[in-house]
Amino acid sequence: MTERGPQGTSGGGQHRVQSVDRAAALLRAIAAADGGEATAVELAKATGLNRATAWRILQTLELQGLAAHDPRTRKYSIGMGVVDLARAVIPDTLLARAQRVVRELSLQTRETVALALLDETELRYVVEKQPPDSTEPSWLGEGPGPLHATSSGKVVLAYSENIDLEAVPLDQLTDTTITSREALYDELALVRLRGYALCRGEHTSDIWGVSVPLMDRDKQLIGTLSLWGPETRGERERFDALGSLAREAAKNIVAS
């Protein structure tokens, strides 16, 4: 007997479960939302679901740890359960090296250090270490935000082959955010030349950051290694030095 789909049609070898399709669509909508978070109403609109259906599925995703809900803003974000799943597909040796290198680099620099993995054009932090005196929120399980305004995002724009640069929105977030297409191209050329990207308060005015690419054996971008801290420690010379440290650390993570 042929199993039939949720709407009574045969899958023809491509069986789909409607509720799973909808849950996956909601998770992707969260990941694609501005800042990696959105309300149930916004997510329902983005996925074409009615509000009641979206809300029920989001509640289930939250119970499973795949989505997180902030009762203050009423917005959903990607849950830690997704991070755990992402970690499961990373080779144990690479993950172990990443955790060790991230921890050691944070202790050495006294800055927040994080490893993000890339899936097509989506970047998400899967390992993070904050210094003991940090008052910044954790980005674990989230993406970096607008690609043009973060150091990790600039790495993706500079090295990924899956992004149409002409289609990248250049919204102004702070006084130093790059909003010119020509300035962005110049910045990305500089990223490729020196091997790391800088963020000078372009996403959040009081945070500076530096990121380097993680490349696989085929020289394809698989993720980023980033350090960030308060603007008070954001001297250009210091972050240039951090870029050199991060490049060496990245090599240790992907070493075979």
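The values are calculated or read from the model by the stated rules, or taken from the named source; none is laboratory data. Keep in mind the model is a prediction, meaning the values are calculated, not measured. We place every Cβ from the backbone using ideal geometry, glycine too, and count neighbours over all the protein chains shown. Ligands, DNA and RNA are stripped out before the accessible areas are found, and what is left, the full protein with its side chains, is counted by its heavy atoms. Shrake-Rupley method; radii C 1.70, N 1.55, O 1.52, S 1.80 Å.
Tabulated data for the structure shown
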{"read-out": "Per residue value of the accessible surface for region 98-175 (all protein chains in place, 1.4 Å probe), Å²", "value": "47"}
{"read-out": "For Ile78, distant residues with modelled amide H under 5 Å away", "value": "Ala68"}
{"read-out": "Magnitude of the charge dipole, the chain, Cβ model with Lys/Arg +1 and Asp/Glu -1, debye to 20", "value": "660"}
{"read-out": "Interchain or long-range residues, amide H under 5 Å from Ile207's placed H", "value": "Gly201, Glu231"}
{"read-out": "Loop sites in region 204-256: trypsin sites (Lys or Arg not before Pro), DSSP, at most 15 other Cβ within 10 Å", "value": "Arg217, Lys219"}
{"read-out": "Residues His15 and Glu136, FRET efficiency given R0 of 41 Å [Cβ-Cβ distance, rounded to 0.05]", "value": "0.35"}
{"read-out": "At most 10 other Cβ within 10 Å, DSSP loop - GluC sites (Glu not before Pro), region 119-166", "value": "Glu120, Glu161"}
{"read-out": "Spin-label pair Thr174/Asp119, simplified geometry with 7 Å Cα→Cβ offset, distance in nm", "value": "2.9"}
{"read-out": "At R0 = 30 Å, FRET efficiency that the Cβ-Cβ distance of Val41 and Glu182 yields, to 0.05", "value": "0.20"}
{"read-out": "Charge sum, other residues only, whose C-beta stays under 9 Å from Thr112's C-beta, Lys/Arg counted +1 and Asp/Glu -1", "value": "-2"}
{"read-out": "Backbone HN-Hα couplings from phi across region 193-204 [Karplus 6.51/-1.76/1.60, Hz, Gly and Pro as x]", "value": "5, 9, x, 7, 10, 10, 10, 10, x, 8, 9, 10"}
{"read-out": "5 angstrom amide H check on Gly223, placed H, neighbours 5+ away", "value": "Leu118, Leu214"}
{"read-out": "Karplus 3J(HN,Hα) series, Hz, for region 38-53 with 6.51 cos²θ - 1.76 cosθ + 1.60 (x for Gly, Pro)", "value": "7, 7, 4, 5, 5, 5, 4, 5, 5, 9, x, 8, 6, 4, 5, 5"}
{"read-out": "√(5λ) per eigenvalue of the Cα gyration tensor, region 67-217, largest first, Å", "value": "24, 19, 17"}
{"read-out": "Cα gyration tensor shape of region 159-202, rounded if a/c is under 1.5, else prolate or oblate by comparing a/b with b/c", "value": "oblate"}
{"read-out": "Spin-label model distance (nm) - Ala241 vs Arg110, 7 Å beyond Cα toward Cβ", "value": "1.2"}
{"read-out": "Charge dipole of the chain about the Cα centre (unit charges at C-beta), most positive-ward option of Ala25, Asn252, Thr179", "value": "Ala25"}
